[in-house]
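The structure appears below as structure tokens.
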Amino acid sequence: MKITPAANTNFKAIPIAGTTNKFKGLTTKIDLYKITKSDRKFLEKLASTVDFNTSLKKMDEFDRKRWKKVFDYAVESAQNPENQSIIAFSDNKPCGILSFVDEVRTLFLDAVCAFPRSDGKKVNLGGTTLIYQLFKFAESFKVKSVELLAVTDGPFDVISKYKRLGFKDLGMEGDYVKMSCNQFKVKEKLGELSSIIDYKPVKNPENVNLEDLIV
């Protein structure tokens, strides 16, 4: 099953769900939207306006540059018409992007990046909420597994994080670690994460202009 945009030049992002996340005493609201082909200019603007040097100035320069590289790739991946992509907003500010490929029996996670909002605030569970949505798609599409190639030199230990989310290390593939999460583990992790992610799907969604969401 694929989500196919309608042939409409005015087509904009599609609301998917709203979440209220509670973790370590903090409550965060994150809204998720499916990116469409008409959102390319928005993504280009986003790429030029997210300032990692300011929002992450306390981070080591090398790690900051790695995070920016991951972000740039996520934006590029989200612009690929062959991919399906999600953008996360918190308090009307973008805070994360995820892009994947539907390979019928498998969803391949091409890119995911949570990033500080324009006010410099890091959003609690930003990346985890995007993965939760990917798992919701995997369950809905009835795929056998979710797969990815993880970087080994990211700004933090992504391998351990993916393992906590149910992915299994399948060994090196070039410079990356191949990882997979089967359908049974996906279901298990959806159940576990639902205790901290209150997920409300949008019924009868209307297309929105992402620019109009930002305040």
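The values are calculated or read from the model by the stated rules, or taken from the named source; none is laboratory data. These figures come from a predicted structure and were not determined experimentally. Note that each Cβ is placed from the backbone with ideal geometry, even for glycine, and that neighbours are counted across all protein chains shown. Just so you know, the surface numbers come from the protein's heavy atoms only, side chains and all, with ligands and any DNA or RNA stripped out. Shrake-Rupley method; radii C 1.70, N 1.55, O 1.52, S 1.80 Å.
In square nanometres, what is one fourth of the surface area of the convex hull spanned by the alpha carbons of the stretch 14-101?
For the stretch 14-101, the mean projected area of the Cα convex hull comes to 6.7 nm².
Ignoring ligands, DNA and RNA, what percent of the accessible area of the stretch 1-138 is carbon or sulfur (1.4 Å)?
On the way: 3440 of 6750 Å².
C and S fraction of accessible area: 51 percent.
Taking every DSSP beta bridge that has both residues in the chain, what percent is antiparallel when rounded to the nearest 5?
For the chain, the DSSP antiparallel bridge percentage is about 90.
Evaluate the stretch 104-215: find the radius of gyration of its Cα atoms, find its Kirkwood radius, and give the ratio Rg to Rh.
The Rg/Rh ratio comes out at 0.99.
What FRET efficiency do you get for GLN183 and VAL101 if R0 is 22 Å and r is their Cβ-Cβ distance, rounded to the nearest 0.05?
With a Förster radius of 22 Å, E is 0.80.
How much area per residue is accessible in the chain when the probe is 1.4 Å and only protein heavy atoms are counted (Å²)?
54
Charges only on Cβ, +1 for Lys and Arg, -1 for Asp and Glu: so what's the dipole of the stretch 64-156 about the Cα centre, in debye to the nearest 20?
400
If the only charges are +1 at each Lys and Arg Cβ and -1 at each Asp and Glu Cβ, what is the size of the charge dipole of the chain around the Cα centre, to the nearest 20 debye?
In total the dipole reaches around 520 debye.
What's the FRET efficiency of LYS144 with ARG40 using the Cβ-Cβ distance as r and R₀ = 25 Å, to the nearest 0.05?
0.20
Among rounded, prolate and oblate, which fits the chain when a ≥ b ≥ c are the square roots of the eigenvalues of its C-alpha gyration tensor, a/c under 1.5 means rounded, and a/b larger than b/c means prolate? Each step should come with its number before you reach the end.
Values: a/c = 1.27, a/b = 1.04, b/c = 1.22.
It is rounded, given that a/c, with a ≥ b ≥ c, falls under 1.5.
Restrict the search to the stretch 117-213; then list the GluC sites (Glu not before Pro) that DSSP places in a loop and that have at most 14 other Cβ atoms within 10 Å of their Cβ.
Here the sparse-neighbourhood loop sites are GLU206.
So what's the net charge close to GLN79: Lys and Arg +1, Asp and Glu -1, counting the other residues with Cβ under 13 Å from its Cβ?
-2
Please state the shape class of the stretch 106-161: rounded when a/c is under 1.5, otherwise prolate if a/b exceeds b/c and oblate if not, all from the C-alpha gyration tensor.
Oblate shape, in that a/c is at least 1.5 and b/c is the bigger or equal ratio.
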